[in-house]
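Written out below as structure tokens is the structure these notes cover.
Taken together, the values in this text are just the output of simple stated rules run on the coordinates, not laboratory data. Keep in mind that this is a model prediction, so the values were computed, not measured. Note that each Cβ is placed from the backbone with ideal geometry, even for glycine, and that neighbours are counted across all protein chains shown.
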Amino acid sequence: MLSNGAWASTLPLANLQSRVISKVARTVDATLASTKFDLVLAKQRRIRAFGIVNHNLSSNATYRISSYTDATFSTVIYDSGFMPAWPEVYPFDTLEWEDDNYWTGQTLEEDRVGYNLALPTVLATATFAQYFRFEFSDPLNPAGYLQFGRLFLSGEWQPVVSMSKGASIGYETKTVVDEAISGAEYFDHRTPYRVAKFTLSWMSEDEAMTRAFDMQRVVGIDGEVFYMWDINDTVHRLRRTFIGRLRTMSPIEAPDSVDINQTAFEVKENL
């Protein structure tokens, strides 16, 4: 259940639960009292990862996530404190002196077009909780309001051995190209989406069965996953983090030994 804050009647807080990322929830203004919400789960869950997707937080925005033991939100289990929504996303040597973001390395407003902007948070250790509060401080947001397309929270699976050589991430598109007799091309533009492909080649039998195998059973090709290439990477997190789904179901293989297992993944971004 979601509550708290102040939200537009036509773009309510409940839209955070929609799988259509473009179906946003929008606050009535950018004041701190309006730009927050509470989440109550059906029961206590082990949560380590949070994702807020397709947001319009400005360069100066900060946010805070906290969890509580009770429905009155009085006894704190975890409190992140206010954190910057936009860390450095451009390494120092990739910008020119004349660039507006030369000193900060932050993304510019115009650079954010085309991204389902993700605000990922991974806790150092998981929190077991039922009650959560999300607060956003962005009073000077140029839009005069905040909006968010999707809320995602879950436990995590960080493989013991990372992705094998050859892992990839890139864009695909369904844009239709028609060519006239003259050779001129006409386009029916479709929004590009990210696809990550990788193989885990060194899983123990226990990891393969309790993680990869069980995840395929639970998620299938229609459930959601929150993909992060590297949880410690902040510079390229914007580019390599997204909500998606498993596009294929790959078997668990034991190529050399029944004690060493491997499987391949293909994760497609949800739009």
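What to note about this one:
- Extension gain, Glu172 back to Val122 (0.36 nm per residue minus Cα-Cα distance, nm): 15.3 nm
- Spacing of the two label points (7 Å from each Cα toward its C-beta) at Asp222 and Ala42, in nm: 1.7 nm
- In percent, rounded to a whole number, the relative contact order of the stretch 1-55 is 40, using alpha-carbon pairs under 8 Å and six or more apart.
- Cα-Cα pairs of the stretch 168-269 separated by more than 22 Å (percent): 46 percent
- Ile231-Val28 FRET efficiency (beta carbon distance; Förster radius 41 Å; 0.05 resolution): 0.75
- Relative contact order (%) - criterion: Cα under 8 Å, at least six apart; region: the stretch 172-271: 31 percent
- Taking other residues whose beta carbon is less than 12 angstrom from the beta carbon of Arg211, and scoring Lys, Arg as +1 and Asp, Glu as -1, yields -4.
- Quarter of Cα convex hull surface for the chain, i.e. mean projection, nm²: 18.9 nm²
- Arg190 versus Glu253: modelled label distance in nm, points set 7 Å from Cα along the beta carbon direction: 2.9 nm
- Descending by average beta-carbon neighbour count within 10 Å, the peptides 163-174, 125-136 line up as 125-136, 163-174, the highest first.
- Here the relative contact order of the chain, from alpha carbon pairs under 8 Å that lie six or more residues apart, stands at 21 percent.
- Local charge for Val195 was computed over the other residues whose Cβ lies under 10 Å away, with Lys and Arg +1 and Asp and Glu -1, and equals +1.
- Take the Cβ atoms of Phe152 and Met209, set R0 to 35 Å, and the FRET efficiency comes out at 0.90.
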